[in-house]
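Accompanying notes for the structure given below.
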Amino acid sequence: MITVKDAIGDLPEVENYPELLERDWIKVENDYGKPSKYARKLRNLERFDNDYSYKREYDKTILTSSLRTKHTEKSRERFNATAPGKTESVSHFYRLNPDGICNTLRAGTPSSKGAYTSPRPIHPFTPRCITVREAARLHSYPDWFRFHVTKWHGFRQVGNSVPPLLAKAVAQEIIHVLNIKPFKPRGKKNQVRKMGKFRV
């Protein structure tokens, strides 16, 4: 079982970055904690088993989708008083248990349906809601994946999506049933596109 701590425990604490009140990205180099095996894969420090994708080229020192939420002091006090694995009584936000699994991350509704924001979990160690990046990690998105810069749209993207590792598990079963043997791509991504060698 992959725990909440496995998924987000190595991420830098966003409260230490005042610039994240105004934008959703920071440049980080040595601010990460020790990653779990799962987090190492999401940070692209090692590959998942049966990974047949191209190697991603991106700046690993930039952490995106990390815009902070401005909470009132009263909210922070309530969040702090909520035990991990319990629901805060006023907001009804669930506080993540670092040794447990995440509750379902829902998308909320579009403006045509009232623009309701679904409850976002409280961080397990800090009295605040999780960021879009932390939600993405809990959904198995790698750190190179870019979400919308606003929290509302970013959380909707995560909540509306099929977690990548779930999609991969389903696809692997389909490939197995169809008796297709997967293969690793050769050459660089752009070279293959130019040559028109798309294979299914």
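Nothing in this text is a laboratory measurement; each read-out follows from the coordinates by a stated rule. Computed from a prediction, not measured in an experiment: that's the story for all the values here. So basically every Cβ, Gly included, is an ideal-geometry build from the backbone, and we count neighbours across all protein chains shown.
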Over the chain, the sum of -39500 (n - 2.57) across DSSP H runs of at least four, divided by residue number and rounded to 500 deg cm²/dmol, gives at 222 nm -8000 deg cm²/dmol
Dipole check, region 4-195, charges on Cβ (K,R +1; D,E -1), about Cα centroid: among Thr150, Phe183, Ala135 the Cα furthest to the positive pole belongs to Phe183
Treating only Lys and Arg (+1) and Asp and Glu (-1) as charged, each at its beta carbon, one finds that region 4-195 has a dipole about its Cα centre, in Debye to the nearest 20, of 740 debye
One would report the Cα pair-distance distribution of the chain, bin width 5 Å, in %, as 1, 7, 13, 17, 19, 16, 11, 7, 5, 2, 1, 0
Placing +1 on each Lys and Arg Cβ and -1 on each Asp and Glu Cβ in the chain, then taking the dipole about the Cα centre, the residue among Pro12, Val162, Leu96 whose Cα reaches farthest towards the positive end is Val162
Violations at 18 Å Cα threshold for listed pairs Lys70/Lys151; Lys5/Lys41; Lys74/Lys151; Lys5/Lys151; Lys34/Lys168 -> Lys74/Lys151; Lys5/Lys151; Lys34/Lys168
